[in-house]
């Protein structure tokens, strides 16, 4: 099932993160994301399906496809 802890804790909420179906529901990060990282900290999934990538022009959050 879907935990949803990342959406619940996100200060931006559904404008920054949600779920889409790819064989199973997975977190999807949107343009509203600020890269704060609280979604990564709260994620209970053992493979951490969300990760933050440092870029020269700020921070980008990506979804790790498990």
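Looking across the range 12-66, the residues that are at pLDDT 70 or above and at positive phi come down to 13, 23, 35, 37. Hey, among the residues in the range 17-34 that are under 9 Å from the mean Cα position of the chain (by Cα) and not in a strand (DSSP E or B), which one's farthest from residue 2 (Cα to Cα)? Across the range 17-34, the extreme among qualifying residues is 33.
Taking (1) surrounded by fewer than 15 Cβ atoms within 10 Å (Cβ to Cβ); (2) outside any strand (DSSP E or B); (3) in contact with a strand residue (DSSP E or B) (Cβ under 6 Å, 6 or more places away or on another chain) in turn, residue 39 satisfies each apart from (1).
The values are calculated or read from the model by the stated rules, or taken from the named source; none is laboratory data. In this text, all values refer to a predicted model and were calculated from it rather than measured experimentally. All Cβ positions, glycine included, derive from the backbone under ideal geometry; neighbour counts span all protein chains shown.
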